Amino acid sequence: MKIGNITTKNNVFLAPMAGVGDMPFRILCSEMDCGMVYSEMVSGKGILYDNENTKELLKVSSLEKPVAIQIFGSDPYILSEITKKISDYSMDVIDINMGCPAPKITKNGEGSALMKNPKLIGEIVKAVSKATTKPVTVKIRKGFDDATVNAVEVAKIIEDNGAVAVAVHGRTREQYYSGVADWDIIAEVKNAVTIPVIGNGDITTPQKAKEMIEYTKCDAIMIGRAAQGNPWIFKQVAHYLETGTLLHSPSIREKIETALRHGKMLVDYKGEFIGVREMRKHISWYTKGLKDSAELRLAINKAETFLEIEALLENWSDQIVVE
């Protein structure tokens with residue numbers, strides 16, 4: 001499908017996830033037929049002041065194309081200036097975060113707090129769109145709370161001010177990630193705008209992906225939490241949408257091999273100290289629901305080196321029934 005002047009290989013995208021969507025994970029998802037990957041959200045002020053940690057978040061690999069870098073902030077001027085600053089970088093799309101529910105973000109009027117200020121949203125989107133020739137997209141929520149459900153109004157403003165696509169998470173900020181996502185609001189947004197609409201919320205299986213597309217008529221779907229420890233979901237969904245048939249789930253051996261490769265990529269990218277510690281949560285996701293995985297996670301959480309992680313995973317896999 002088309003996002004501005006960018007053509008994606010399919011309409012199944014990786015949602016931006018802070019603390020999860022780093023380069024190694026995005027590469028794995030791209031290899032698994034993800035149509036487009038989104039970075040962790042990057043602070044506009046961090047880019048402006050050349051923060052070293054922020055610079056790391058802007059790095060993109062040729063192995064993960066196409067990729068959207070997601071920025072966040074609430075000052076149109078700052079977001080315009082940093083967009084000019086990063087427009088020569090190798091990302092394909094610039095996405096603006098207006099959906100993050102975290103208190104440390106919303107207390108500054110950023111993320112999903114922007115849903116309370118449609119006028120400012122228009123100013124931000126216009127400023128960013130004018131500052132770059134790259135496609136600009138925006139991720140929003142249903143609204144800030146049940147009393148201010150305004151995704152349709154906001155999506156129209158986003159379209160009118162130059163964005164080429166909008167992603168809609170069918171929950172309010174007050175819901176965070178609880179309850180059931182409202183797909184009706186995604187359908188309403190799709191009926192109200194002409195730019196592509198990306199549906200987000202409660203897509204956990206290929207069948208649910210197809211159900212959302214058929215129900216909302218959205219142009220693409222975005223998968224977040226269901227991809228944690230499960231990058232295969234993109235291949236499974238894309239295949240099901242194209243053929244109507246389901247692929248086999250990965251075997252335990254395949255899960256272990258992918259987890260080990262993921263860990264090696266993290267260690268190579270971030271160093272052993274950080275890579276090992278960040279890999280702990282990923283392994284808990286890769287092994288969730290499998291035999292004796294609780295005991296494995298306890299041991300992994302004490303591991304200090306990648307060799308320890310490798311030995312623990314191999315020993316665990318040798319003791320359970322491999323598919």
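The values are calculated or read from the model by the stated rules, or taken from the named source; none is laboratory data. Everything numeric here is computed off the predicted structure, so don't read it as measured data. With ideal geometry, Cβ positions are generated from the backbone for all residues, glycine too; neighbour counts draw on all protein chains shown. Ligands, DNA and RNA are excluded from the accessible area calculation, which covers all protein heavy atoms including side chains. Shrake-Rupley method; radii C 1.70, N 1.55, O 1.52, S 1.80 Å.
Per-peptide packing, taken as the mean over residues of other Cβ atoms within 10 Å, places 226-237, 165-176, 17-28 in the sequence 165-176, 226-237, 17-28 from highest down. Let's test the formula: R0 of 51 Å, r as the Cβ-Cβ distance of GLU272 and ASP160. What FRET efficiency results, to the nearest 0.05? Taking R0 as 51 Å, the efficiency between GLU272 and ASP160 is 0.55.
Helix 151-160 and the longest principal axis of the Cα set of the chain meet at an angle near 70°. What is the antiparallel percent of DSSP beta bridges lying wholly in the chain, to the nearest 5? Percentage antiparallel, nearest 5: 10. Entry comment: accessible area of the chain is 43 Å² per residue, from protein heavy atoms only and a probe of 1.4 Å. Taking a 19 Å limit on the Cα-Cα distance, which of the listed pairs LYS2/LYS139; LYS2/LYS134; LYS142/LYS288; LYS255/LYS288; LYS134/LYS190 fall beyond it? Over 19 Å apart, Cα to Cα: LYS142/LYS288; LYS134/LYS190.
Helices in the chain, meaning DSSP H runs of at least 4 residues, each add -39500 (n - 2.57). Divided by all residues, the mean residue ellipticity at 222 nm is -13500 deg cm²/dmol.
Computed from the C-beta positions of THR133 and LEU290 and an R0 of 51 Å, the FRET efficiency is 0.60 to the nearest 0.05. Rounded to the nearest 0.05, the FRET efficiency derived from the C-beta distance between ALA192 and SER87 at R0 = 30 Å is 0.55.
Tell me, in nm to one decimal, what length is gained between ASN53 and MET1 on full extension, where the rule is 0.36 nm per residue of separation less the Cα-Cα distance?
15.5 nm
Between region 96-119 and region 9-68, the alpha-carbon centres lie 20 Å apart.
For region 32-40, backbone phi angles converted through the Karplus equation (6.51, -1.76, 1.60; θ = phi - 60°) give residue-by-residue couplings of 8, 6, 5, x, 7, 10, 10, 6, 4 Hz, Gly and Pro being listed as x. One chain, two ends: SER251 and ASP184. Fully extended at 0.36 nm per residue, the span grows by 20.5 nm beyond their Cα-Cα distance.
Of the peptides 147-158, 177-188, how do they stack up when ordered by the mean number of other Cβ atoms within 10 Å, highest first?
Details: 147-158: 19.8, 177-188: 17.1.
Top to bottom by mean Cβ count within 10 Å: 147-158, 177-188.
Can you tell me the 0 to 90 degree angle between the C-alpha axis of helix 118-130 and the longest principal axis of the chain, rounded to 10? Here the helix axis deviates by roughly 80 degrees.
Simple spin-label estimate for LEU307 and LYS9 gives 3.6 nm between the two label positions (7 Å along the Cα-to-Cβ direction from each Cα). Taking a ≥ b ≥ c as the square roots of the Cα gyration tensor eigenvalues, with a/c under 1.5 meaning rounded and otherwise prolate when a/b beats b/c, else oblate, which class fits region 76-137? Judged from the Cα gyration tensor, region 76-137 comes out prolate (a/c at least 1.5, a/b above b/c). Here the peptides 240-250, 77-87, 94-104 are ranked by packing, the mean other Cβ count within 10 Å, and the order with the highest first is 94-104, 77-87, 240-250.
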